[in-house]
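Data first, discussion second: the structure below is written as structure tokens.
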Ligand code: SF4
Ligand code: SF4
């Protein structure tokens, strides 16, 4: 039994999405519509989450507005007392639907952008016209008076325009922009040779963000997540495993992080068989890497272990075959050299799009 309580919950309402971004954080094995939880089950989960102590609910996907019951789900979450954040591609979202969501109690919108160059934006999204639609959604969100965050995933095809994207986001009236480099597991790992920037590009991006921060903050808050392949130490992934948040998949598995299913050998309890409280406190997956007792060297005796929690378990598994190893993003990991070597590895212009019907990508490493 842990004393910790979750602050946030990511509800992946569906894996359906009109877009096909090759860095999508959804698992390579997508849940199908026929497997999705029904409305009543989600409403029950939202109430259980609020009772457990969750404050913020992120309504996500795929594209959450692909669910015909999204307004009803938002109303139920708000009624349960949760702060609701809609994480959307903006594609398929009309002003009328946004008005209905606002009326149902939606508190915040987080809109993804691909690029300021419309051609590259639509190419990455895998849908012509996506860029234009996203701008219309941004305008509608601001006109409705809902707080807007814009998030952009950075990769080799858009990194040169990182400052332009921040300026453009600021012009929409967004209050915050989240600029995060691609995470290289799942779809991102399958597309690493196409998406990974060069060392020079990353250094130029760091400098551009530092400069634009001096010019624009505090009129807009800029969150910048640096890429692991170019870092000395890992990020505090999820602020610690099973420490602050939980993630519910479309079919009802409850995970400590959205990519946790990529770790073979973990068993995830579902909302069909257990309450959220039982899963949070007692499930083997949530307890597998909680705290620091599970750590091996060099993390075990490292003074940074309460700062970064040994980094990302999914990345450790992807590179070393053992999720209890140090994240190879750390320069103290014996696998750090292999991660760095990937920076100098071969590149391709071929993208593997995230689609249900696609043949499964061949995972590298
Ligand atoms: S990353 Fe792209 S494909 Fe994946 S859910 Fe978001 S919008 Fe859809
Ligand atoms: S050894 Fe482990 S705890 Fe220390 S910096 Fe590296 S990842 Fe973090």
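The values are calculated or read from the model by the stated rules, or taken from the named source; none is laboratory data. Treat the numbers as computed from the prediction; the structure is a model and nothing was measured. Reconstructed Cβ throughout: ideal geometry from the backbone, glycine too, with neighbour counts over all protein chains shown.
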Report task. Give the residues of segment 305-314 that are within 9 Å of ligand 2 (Cβ to nearest atom) and over 23 Å from residue 3 (Cβ atoms), sorted by residue number. Result -> 311
Query raised in the report: Do the conditions hold for residue 140, that is, is it more than 16 Å from ligand 2 (Cβ to nearest atom), crowded, with 19+ Cβ neighbours inside 10 Å, in contact (Cβ under 8 Å) with a residue 40 or more places away in the chain and over 25 Å from residue 185 (Cβ atoms)?
Result: yes
Requested in this report: Please state which one of 220, 177 is closer than 24 Å to residue 140 by Cα and crowded, with 23+ Cβ neighbours inside 10 Å.
Outcome: 177
Report task. Spot the failing condition for residue 325; the list is (1) buried (at least 16 other Cβ atoms within 10 Å of the Cβ); (2) closer than 21 Å to residue 196 by Cβ; (3) more than 8 Å from ligand 2 (Cβ to nearest atom), and only one is missed. Result -> (2)
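Residues checked against (1) within 16 Å of ligand 1 (Cβ to nearest atom); (2) surrounded by fewer than 19 Cβ atoms within 10 Å (Cβ to Cβ); (3) at pLDDT 95 or above; (4) within 20 Å of the chain's Cα centre (by Cα):
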site	(1), (2), (3), (4)
99	no, yes, yes, no
103	no, yes, yes, no
109	yes, no, yes, yes
116	no, no, yes, no
120	yes, yes, yes, no
125	yes, no, yes, yes
134	yes, no, yes, yes
**Report entry** Subset of segment 117-144 [in a loop (DSSP other than H, G, I, E, B) and in contact with a helix residue (DSSP H, G or I) (Cβ under 8 Å, 6 or more places away or on another chain)]
**Finding:** 117, 128, 129, 144
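Please determine whether any residue of segment 239-246 is more than 22 Å from residue 306 (Cα to Cα) and more than 16 Å from ligand 2 (Cβ to nearest atom).
no
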Requested in this report: Please list, ordered by first then second residue, the pairs with beta carbon atoms under 8 Å, 6 or more apart or interchain, first in segment 164-180 and on the phi > 0 side of the Ramachandran plot, second part of a helix (DSSP H, G or I).
Outcome: 173/138; 173/142
Query - Tally, over segment 28-61, of residues that are in contact with a strand residue (DSSP E or B) (Cβ under 9 Å, 6 or more places away or on another chain), modelled with pLDDT of 95 or more and either away from ligand 1 (no atom under 16 Å from the Cβ) or assigned to a loop (DSSP other than H, G, I, E, B) (or both) - result: 11
Requested in this report: Would you be able to tell me the number of residues in segment 62-93 that are more than 15 Å from ligand 1 (Cβ to nearest atom) and either at positive phi or in contact (Cβ under 8 Å) with a residue 12 or more places away in the chain (or both)?
Outcome: 15
Query raised in the report: So which residues in segment 201-237 are within 19 Å of the chain's Cα centre (by Cα) and either within 16 Å of ligand 1 (Cβ to nearest atom) or free of Cβ contacts under 8 Å to residues at least 60 places away in the same chain (or both)?
Result: 221, 222, 223, 224, 225, 226
Report task. Please go through segment 277-299 and pick out each residue that is within 13 Å of ligand 2 (Cβ to nearest atom) and buried (at least 19 other Cβ atoms within 10 Å of the Cβ). Result -> 289, 299
Query raised in the report: For the subset of segment 328-345 comprising residues that are in contact with a helix residue (DSSP H, G or I) (Cβ under 6 Å, 6 or more places away or on another chain) and either modelled with pLDDT of 95 or more or assigned to a loop (DSSP other than H, G, I, E, B) (or both), which member is nearest to ligand 2 (Cβ to nearest atom)?
Result: 329
Report summary line: Matching residues in segment 63-78 (under 23 Å from the mean Cα position of the chain (by Cα) and part of a helix (DSSP H, G or I)) number 9
Query raised in the report: Can you pull out the residues in segment 93-116 that are under 19 Å from residue 353 (Cα atoms) and not in a strand (DSSP E or B)?
Result: 114, 115
